[in-house]
Amino acid sequence: MPSRTFKKSQRLLNASDFKGVFDNNKVKVANSSLLILAKPADGCQSRLGLVIAKKNIPTAVQRNLLKRVVRETFRKQEFETPLDIVFLARREANGLSAKQLTLLLRKSWGRLGDRCKRLRSTDA
């Protein structure tokens, strides 16, 4: 049976990993609730980092819900090339239900994949 966990190898773990994405991001996906920054990964699989500030999402319950939904949708998403991704929550994400978050994230991951394809085709 396949593992259903969000493995350590799928996470951005330290400040230098996050800084690399912030400084060298090649693709952005944004809307009023979230911002996703991505760059091609050095490794063989995509990794995710979460930035969810108390200032934007004040309650721990809502922050934890947001983290669970982001991790789950990321884990199910397949990218053609490995990416290092940083997810940033904005204030408007606070009022969304789990179902709304899931739909928004699926659409955002799709947009991210499309933009990466376009970026790769212009580099070739």
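Looking at the stretch 84-91, can you tell me whether even one residue there is among the small types (Gly, Ala, Ser) and in contact with an Asp or Glu (Cβ under 7 Å, 6 or more places away or on another chain)? So far as the stretch 84-91 goes, no, none of its residues is among the small types (Gly, Ala, Ser) and in contact with an Asp or Glu (Cβ under 7 Å, 6 or more places away or on another chain).
For the stretch 49-99, which positions are of a type in the set (Asp, Glu), closer than 18 Å to residue 110 by Cα and surrounded by fewer than 15 Cβ atoms within 10 Å (Cβ to Cβ)? Once the filter is applied, which keeps residues that are of a type in the set (Asp, Glu), closer than 18 Å to residue 110 by Cα and surrounded by fewer than 15 Cβ atoms within 10 Å (Cβ to Cβ), the stretch 49-99 yields 78, 80.
Bear in mind that the values in this text are calculations on the coordinates, not laboratory data. Computed from a predicted structure; not experimentally measured. Cβ coordinates were reconstructed from backbone atoms using ideal geometry, including for glycine residues, and neighbour counts include every protein chain displayed.
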